[in-house]
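Structure record follows, encoded as structure tokens.
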Amino acid sequence: AATASTTPAAGSMSLDDAILASFMPESRHNPYPAYDVLREAGPFVPGPFNLQIVSRYGEADAILQDSGWSHAQEPEFLHPKSDGTDLPASFLWMEPPDHTRLRRLVSKAFTARGLESLRGRVKEVATEVVDSVIKAGEVDVVEELAYPLPLTMIAEMIGVPREDHDSVRAMSAGIARGLDPDTLLTDEELQSRYDGAAHFRDYFERLVAERRAHPKDDLITALAQVEAEGDRLTTGEMIATLTVLLVAGHETTVNLLANGVLSLTRNPDQFEVLKRDPDLALAAVDELMRYDGPSHATTRMAVRDMEISGHAFKEGDGVLILLAAANRDSRVYENPNRLDLTRYARSKTIPRHLGFGVGLHYCIGAPLVRLEMECMLRELARRAPVMTLLADPPPYRPNIVVRGIAELPVRFEAPA
Ligand code: HEM
């Protein structure tokens, strides 16, 4: 019954209900049946904000890789209440040549090879975290297991001191919620976004000044040096870059870790598979990303007229791409609603999931996420706790773009 609650049949849900259910807070715990209806309705379904909803893998993949589509206009049409200083316009919302220039400045720090030197530290934190939840017994997984690892790692890479982790976390949550369309946010939520952005602007200005005086081996120092060298980076761009790395660097991974534990408790047979073969951990990360990744939606705007799958788009038309729906497209994946941790290990030809996007804006943090999630899964497999879900479904945050569990009560017991 627990497994069924993640994947009920789409049943007789109408298309209008499915469109609503894809975005409403009440269905955050399980938008997948609604996604099934959207995918079957066609490659493009008229959705909110004058956007065509894309839920099939083929069209999502093609649009994300096509330079005929831009991500630069998202702030204009989904965030009209932004004055351009909140939700700072990082390279996530730019196109070449600015996108290329800014992404290149930080990409070296996030390559899989570069990150190998951090493996020891990631393992150390993962071990501490799993130790402490087993000792505690009953915990909120979001708080005790999911937050500490990604927050510690991205903060240490960037150069955010330990004593600031709590404030960083609080401010980041406001920004992550603020990624959803402005019309869906309450005044309070909008205010948290403004506050978060203002906080990081002041905060990073202060840290940059400190690093200029006392350089360290961290990203703040590296970017401060580039800015000081001349015309490759403005102060505003530097702050936007640090903010996006810090916020995207943990808000999303926290949700992947929590979703991962939820999936393993609901599918104990799959946890057994992992315990028997911990070397599956890396392939399991991709399956957990495909099955229930945290990044559900993104948008693109056509920069010229074109036709895709029989639909004529005009320059300026927008699409809302449901990455999490594409990841469960049966045209591409066998038994897409089934969690199968061996899926990616069995075959190298299974199409990659779209949970990290694809193309120009492919998630720069993906290798870091893989390392963190792999180490956490290995540690869980090694300690093999008995994990019992104490609320099913757990409560979810209302967020659409970065979807996540609000609280995940689980009992951890050492194996008999
Ligand atoms: C881009 C998902 C973790 C930094 C993206 C995109 C997705 C995504 C879907 C592409 C958005 C688009 O094309 O519209 C995720 C998920 C994560 C995760 C699901 C965790 C499970 C991280 C981490 C970092 C990060 C750890 C920081 C180190 C970024 C940045 C971009 C990005 C800077 C913009 C890249 C560009 O525009 O070139 N992420 N991300 N993400 N992500 Fe992540």
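Points to keep in mind about this one:
- Extending 7 Å from the Cα toward the beta-carbon at both A109 and F49 defines two label points whose distance is 2.8 nm.
- Ordering W69, W93 by the number of other Cβ atoms within 10 Å of each residue's own Cβ, fewest first, gives W93, W69.
- Neighbour-count ranking [beta-carbon atoms within 10 angstrom, fewest first] of I158, I400: I400, I158
- Taking the square roots of five times each eigenvalue of the Cα gyration tensor of the chain, the equivalent ellipsoid has semi-axes of 31, 29, 20 Å, listed largest first.
- Taken over the Cα atoms of the range 132-228, the convex hull encloses 126 Å³ per residue.
- Within the chain, helix-based [θ] at 222 nm, where runs of 4 or more DSSP H residues each add -39,500 (n - 2.57), nearest 500: -15500 deg cm²/dmol
- Within the same chain, lysines fewer than 8 places from K135 are excluded, and of the rest, those with a Cα less than 24 Å from its Cα are K123, K275.
- At least 24 Å along the helix axis (C-alpha) and Kyte average at least -0.5, DSSP helices within the chain: 119-136, 235-266, 366-383
- The chain, relative contact order in percent, only Cα pairs under 8 angstrom and at least six apart counted: 26
- T234-R338 pseudo-label distance in nm [points 7 Å out on the Cα-to-Cβ vector]: 5.4
- As a proxy for reagent exposure, H214, H250, H353 were ordered by neighbouring Cβ count within 10 angstrom, fewest first; the result is H214, H353, H250.
Values in this text are rule-based calculations from the coordinates and carry no lab data. Computed from a predicted structure; not experimentally measured. FYI the Cβ positions are ideal-geometry reconstructions off the backbone, even for glycines, and counts take in every protein chain you see.
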